[in-house]
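Beneath this line is the structure, given in structure tokens, with notes to follow.
The values are calculated or read from the model by the stated rules, or taken from the named source; none is laboratory data. Predicted, not measured: the structure shown is a model, and the values here were computed from it. Using ideal geometry, Cβ is built from the backbone for each residue, glycine included, and neighbour counts are taken over all protein chains shown. Please note that ligands, DNA and RNA were not included when accessible areas were found on the heavy atoms of the full protein model with its side chains. Shrake-Rupley method; radii C 1.70, N 1.55, O 1.52, S 1.80 Å.
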Amino acid sequence: MTDCLFCRIVAGDVDADVVHETERTLAFNDINGQAPTHVLLVPREHYENAAALAAADPEGAAELVTAAASVAEAGGHDDYRLVFNTGPGSGQTVFHTHLHLLAGRTFTWPPG
């Protein structure tokens, strides 16, 4: 999708600080990080949100989580938080599935 920011990042048309990639995923630092480590993990293929990805490609959803674990481990993090926002009411602002990996500080519950 040419109007999707994350599709443009995947295509290399928009610069991003890429920290990990696989054949099916791309991970890059969030430009508005909410923790010392705040990485976004996206499938290379466009899906609107986590529910759409899980319905169409459950293995792809699992690969995002696996990639997040690899990024956390490479950063020396044993403790981290993974977050999918699905829909505008949850805070999703880019409608391409993305998994937030947050680490490097203590988190509270509930998240807010």
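Yes/no per residue for (1) open to solvent by 70 Å² or more (accessible area, probe 1.4 Å); (2) of a type in the set (Phe, Trp, Tyr); (3) farther than 21 Å from residue 106 by Cα; (4) at pLDDT 95 or above:
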| residue | (1), (2), (3), (4) |
| --- | --- |
| 3 | yes, no, yes, no |
| 6 | no, yes, yes, yes |
| 14 | no, no, yes, yes |
| 18 | no, no, yes, yes |
| 26 | no, no, yes, yes |
| 29 | no, no, no, yes |
| 36 | yes, no, no, yes |
| 40 | no, no, no, yes |
| 43 | no, no, yes, yes |
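Scanning for something open to solvent by 40 Å² or more (accessible area, probe 1.4 Å) and in contact (Cβ under 8 Å) with a residue 24 or more places away in the chain, does segment 93-102 turn up at least one residue? Quick ask: steps written out before the conclusion?
Step one: of segment 93-102, the residues open to solvent by 40 Å² or more (accessible area, probe 1.4 Å) are 93, 95.
Retained after the next criterion (residues that are in contact (Cβ under 8 Å) with a residue 24 or more places away in the chain): 95.
Scanning segment 93-102 turns up at least one residue that is open to solvent by 40 Å² or more (accessible area, probe 1.4 Å) and in contact (Cβ under 8 Å) with a residue 24 or more places away in the chain.
Which residues, taken from segment 56-73, are without any contact (Cβ under 8 Å) to a residue 24 or more places away in the chain, surrounded by 13 or more Cβ atoms within 10 Å (Cβ to Cβ) and charged (D, E, K, R)?
Correct list: 57 only.
So, in segment 14-29, how many residues would count as being touching a Pro at 6+ places or on another chain (Cβ under 9 Å), in a loop (DSSP other than H, G, I, E, B) and of a type outside the set (Lys, Arg)?
First pass over segment 14-29, keeping only residues touching a Pro at 6+ places or on another chain (Cβ under 9 Å): 24-26.
Those left that are additionally in a loop (DSSP other than H, G, I, E, B): 24.
Next, only the ones that are of a type outside the set (Lys, Arg) stay: none.
The qualifying residues number 0.
Is it the case that segment 74-81 has a residue that's free of Cβ contacts under 8 Å to residues at least 24 places away in the same chain and of a type in the set (Ser, Thr, Tyr)?
no
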